[in-house]
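A short write-up of the structure that comes next.
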Amino acid sequence: TPPPCINSILLPKVLGNYQGETGRLLVAAPASDEIFHETVVYVDRHSPGSALGFIINAPLKTADLGFEMPAEWKDIPLYYGGPVGYPREAVFYMYGKEQGHLTFSRTEQGKPEGIMLGYAGWATMQLNYEIARERWGVIDYDPALVFGTEPGLVWDLARRRVMLKEADQGRKVL
């Protein structure tokens, strides 16, 4: 092992640039738990200390919420973003349909493409562990998959992409 002084100088620089799966899509393995069953998650932030993402294929109906939504949200798609803070404590506005990535904000910045109620969160290195254990497949973000596909078909199409990627790399397929 390197001397402690190397670890204290070099590792923060290396890990400080770590982006992990930021900006990519996580595709739940077929045997996922109930919370993430057949979900696709956009990873908004991924660092060695934590990860935050949003389920992008779980639309909500306002009638299912049990409370009234503000009138200005009536034409904006609502999504179950994940179990943390759902439904009222964690509201995020989704932007970036025309960009090469999505952004999420706790404050409105113009008309959003969607409103996420709740989010998915992971503790220190938890997401890395789950990916290594094949609980998630990882694919590049594709706006056509996220916005141009019926939500009920997103997981199946994303899973097929994971299978093709894994087969191309000669690895076990999810």
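Tabulated values for the structure
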quantity	calculated
Between 0 and 90°, nearest 10: helix 151-168 axis offset from the chain longest Cα axis	20
The chain: calculated mean residue ellipticity at 222 nm from DSSP helix runs of at least 4, using -39500 (n - 2.57)	-7500 deg cm²/dmol
Scaled radius of gyration (Cα, divided by 2.2 N^0.38 Å) that the chain gives	1.12
Entries of Lys74/Lys97; Lys111/Lys165; Lys61/Lys165 with Cα pairs more than 30 Å apart	Lys111/Lys165; Lys61/Lys165
Å² of accessible area per residue within the chain, as computed with a 1.4 Å probe and no ligands counted	57
Distance in nm between pseudo-label sites at Tyr129 and Glu89 (7 Å out along the Cβ direction from Cα)	2.2
Cβ crowding within 10 Å averaged over residues, with 82-90, 96-104 ranked highest first	82-90, 96-104
Cβ-Cβ FRET estimate between Ala144 and Tyr18, R0 fixed at 35 Å, reported to 0.05	0.80
The chain: relative contact order as a whole-number percent, Cα under 8 Å and 6+ apart	24
Distance in nm between pseudo-label sites at Lys97 and Ser50 (7 Å out along the Cβ direction from Cα)	3.0
Of all accessible heavy-atom area on the chain, the percent that carbon and sulfur account for (1.4 Å)	53
Nearest-ten-degree value, helix 4-16 long axis tilted from longest Cα axis of the chain	30
Simple spin-label estimate for Lys74 and Thr107 in nanometres, 7 Å along Cα-Cβ	2.7
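The values are calculated or read from the model by the stated rules, or taken from the named source; none is laboratory data. All values reported here derive from a predicted model rather than from experimental measurement. For neighbour counting, all protein chains shown are included, and Cβ atoms are generated from backbone atoms with ideal geometry for every residue, glycine included. These accessible areas exclude ligands, DNA and RNA; they are computed on the full protein's heavy atoms, side chains included. Shrake-Rupley method; radii C 1.70, N 1.55, O 1.52, S 1.80 Å.
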